[in-house]
Amino acid sequence: QVQLVESGGGLVQPGGSLRLACVASGISFRLYNMGWYRQAPGKQRELVATITSRGTTKYLDSVKGRFTISRDNAKKVVYLQTNTLEPEDTAVYYCNAQYVQLDYWGQGTQVTVSS
């Protein structure tokens with residue numbers, strides 16, 4: 001059974017930081033491209049950051065320089081370090097695992113940026 005379990009979300013003040021983690025099970029993690037997406041209320045889900053199986057990263061323009069995606073293949077974990085958070089970053093953050101035609105999602109973790 002494939003599972004992606006996110007953690008690390010919460011309430012943080014503007015300018016603060018959070019480290020999101022997604023633990024995968026039931027997949028050959030090292031083969032998968034991993035990603036973080038987010039969905040704010042009333043908006044479509046958008047790609048935040050991805051990291052390929054080879055470690056190549058890509059970011060949404062608005063988070064470049066503030067967010068960092070990384071992976072630990074031995075632990076089967078993908079991280080999203082979020083710094084200098086802004087109210088516009090408030091959303092549910094979802095983990096995604098993709099390999100060829102296989103595509104899996106986590107249940108999401110809420111990030112709220114507010115004073």
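The values are calculated or read from the model by the stated rules, or taken from the named source; none is laboratory data. Please read all numbers here as calculations on a predicted model, not as lab measurements. Cβ: placed from backbone, ideal geometry, glycine included. Neighbour counts: every protein chain shown. SASA here: full protein model, heavy atoms, side chains in, ligands and nucleic acids out. Shrake-Rupley method; radii C 1.70, N 1.55, O 1.52, S 1.80 Å.
Listed values, structure above:
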quantity: Percent accessible area from carbon and sulfur atoms, the chain, protein chains only, probe 1.4 Å; calculated: 47 percent
quantity: Probe 1.4 Å, protein heavy atoms only - accessible area per residue of the chain in square angstrom; calculated: 55 Å²
quantity: Packing-based order for 41-53, 65-77, using average beta carbon neighbours within 10 Å, highest first; calculated: 65-77, 41-53
quantity: FRET E, pair Ser25, Thr56, Förster distance 25 Å, beta-carbon r, rounded to 0.05; calculated: 0.55
quantity: Net charge of neighbours whose Cβ lies under 10 Å from the Cβ of Arg66, counting Lys and Arg as +1 and Asp and Glu as -1; calculated: -1
quantity: Inter-label distance for Asn73 and Gln107, nm, one decimal - labels placed 7 Å from Cα along Cα-to-Cβ; calculated: 3.0 nm
quantity: Length released on extending from Ser17 to Leu47, taking residue separation times 0.36 nm less the Cα-Cα span; calculated: 8.9 nm
quantity: Rotationally averaged projected area of region 74-115 (alpha carbon convex hull; nm²); calculated: 4.3 nm²
